[in-house]
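K.L.:
Below you'll find the structure I mean.
The values are calculated or read from the model by the stated rules, or taken from the named source; none is laboratory data. Only a predicted model underlies this, so the values are computations on that prediction, with no experimental measurement involved. Methodologically, a virtual Cβ is constructed for each residue, glycine included, from the backbone with ideal geometry; neighbour enumeration extends over all protein chains shown.
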Amino acid sequence: MTASGTATRYDATALVAFAHALLVGAGVRDDIGRDVAAVLVEGDLLGHTTHGLQLLPAYLAQLEKGTMRAAGEPQVVSRRPAVQAWDGARLPGPWLVLRALDAARDMAATYGSGTVTIRRSHHIACLAAYMKRMTDQGYAAILMSSDPSTCSVAPFGGTSAVFTPNPLAAGIPTSGDPILLDISASYTTNGLTQRLFDKAEKLPHPWVQDAAGNATDDPAVLFRDPPGTLLPLGGLDAGHKGYALALLIEACTAGLAGFGRADPAEGWGATVFAQVLDPAAFGGREAYLRQMDWLVAACHDATPRPGGPAVRLPGENGMRRYHEQTRRGVELYAGIMPALVPWAHKLHVPVPAALTR
């Protein structure tokens, strides 16, 4: 916050340059650093503040420890005309995912669809941050991720952790802004519960459970001994749905990549499924847009619940933030820049100036 009490904003381009300089200063290859920086800032532009630049101090610490590789190339483990499987060699996840989506797009341009799995990627940040790149080119995309090195989500009916939140994102092109899905198989995420626990705050609803299986809004139960767990999407009443979604994502990531929870843990990372679809290869691009545009209009025209807001599409708030913050500057969540300043001093990188409005 500034002295006047207004939120601190930063030019998005300056933030990308800052993050890029920090990563390069930590030894990351220039092109990798540029892509990682862009994806992190894209997350903040969309309002995913736990999965944007907040991740950068942890990434820099992983680079310093050598648990995230600073340079190299993924190994292609398997290749068919419209399918590839990669070993990411613990390279930075955002760079790997961008390369995988590019490869999947190129396959989709020829065959209608393209799919790439990645095993042994490092963390891949905000999944929604990749989608607009594909929808801007007229493609639909699906992205899934799991982290086989850790677990924090219980299966439905259980109290011990088996899964990570297992996020799934999709980008759906329309004639206007894309529909951007970014959900997880759990009610909430590790990033949000950690943030709220650090601030001694509660969740909006009982999205976690203690070790005895009691649902609660207190994230502190996750940090006790024995620890609680995140609840699957649907909670105690309908958590079989989130549980099923978690299993599907595990099958598409760990199963298809051939590496996952059945293998020894290697540390914080990701196993990834990336798929790109070309609507032109199916019913045709114009027919696709006609169907999607009809759905957009029907959802917007739906009668809202009494006293409730108008119906909106997934990602609509994120795109509103994206456009507004691109114009006016990124409103960084409190604590993000203070956590980056020590790294800036250590790596001799100038800190960007806040915008004055």
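K.L.:
I'm told Asp278 meets every condition in (1) farther than 29 Å from Leu96 by Cα; (2) in contact (Cβ under 8 Å) with a residue 40 or more places away in the chain except one. Can you identify the failing condition by its number?
P.N.:
Only one criterion is unmet by Asp278, namely (1).
K.L.:
In region 226-283, which residues are of a type in the set (Phe, Trp, Tyr) and more than 18 Å from the chain's Cα centre (by Cα)?
P.N.:
Tyr243, Phe259, Phe282
K.L.:
To continue, here is another question. Do you know which residues across region 292-322 are part of a helix (DSSP H, G or I) and either loosely packed, with under 12 Cβ neighbours inside 10 Å or at pLDDT below 95 (or both)?
P.N.:
If the condition is that a residue be part of a helix (DSSP H, G or I) and either loosely packed, with under 12 Cβ neighbours inside 10 Å or at pLDDT below 95 (or both), then Trp294, Ala297, Ala298, Asp301 are the ones that fit.
K.L.:
Further question on the same structure: Within region 323-332, track down each residue that is surrounded by 17 or more Cβ atoms within 10 Å (Cβ to Cβ) and not in a strand (DSSP E or B).
P.N.:
Gln325, Gly329, Leu332
K.L.:
Only residues that are touching a residue at least 12 places away in the same chain (Cβ under 8 Å) and surrounded by 13 or more Cβ atoms within 10 Å (Cβ to Cβ): list them for region 336-348, please.
P.N.:
Ile336, Met337, Ala339, Leu340, Trp343, Ala344, Leu347
K.L.:
Tell me yes or no: at least one residue of region 75-88 is without any contact (Cβ under 8 Å) to a residue 24 or more places away in the chain and among the β-branched types (Val, Ile, Thr).
P.N.:
yes
K.L.:
Looking at region 237-249, I want the residues that are more than 19 Å from His205 (Cβ to Cβ) and have a partner that is of a type in the set (A, V, I, L, M, F, W, C) with Cβ atoms under 7 Å, at least 6 apart or on another chain. Which pairs are those?
P.N.:
Ala246/Val153; Ala246/Phe163; Ala246/Ala185; Ile249/Met144; Ile249/Leu168; Ile249/Ala185
Residue-by-condition table, conditions (1) surrounded by 19 or more Cβ atoms within 10 Å (Cβ to Cβ); (2) under 12 Å from the mean Cα position of the chain (by Cα):
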| position | (1), (2) |
| --- | --- |
| Thr110 | no, no |
| Met134 | yes, no |
| Thr164 | yes, no |
| Gly191 | no, yes |
| Phe197 | no, no |
| Ala212 | no, no |
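K.L.:
Which condition from (1) outside the structural domain of Val153 (by TED's automatic domain parsing); (2) surrounded by 18 or more Cβ atoms within 10 Å (Cβ to Cβ) is the one that Leu245 breaks?
P.N.:
(1)
K.L.:
Okay, next question. Taking region 275-290, which residues are of a type outside the set (D, E, K, R) and either loosely packed, with under 13 Cβ neighbours inside 10 Å or at pLDDT below 95 (or both)?
P.N.:
Listed by number, the residues that qualify are Gly283, Gly284, Ala287.
K.L.:
Ok, one more. What about Gly72, is it in a loop (DSSP other than H, G, I, E, B) and touching a Leu at 6+ places or on another chain (Cβ under 6 Å)?
P.N.:
yes
K.L.:
Any residue that is of a type in the set (Asp, Glu) and in the same structural domain as Tyr139 (by TED's automatic domain parsing) - is there at least one of those in region 232-242?
P.N.:
Within region 232-242, one or more residues are of a type in the set (Asp, Glu) and in the same structural domain as Tyr139 (by TED's automatic domain parsing).
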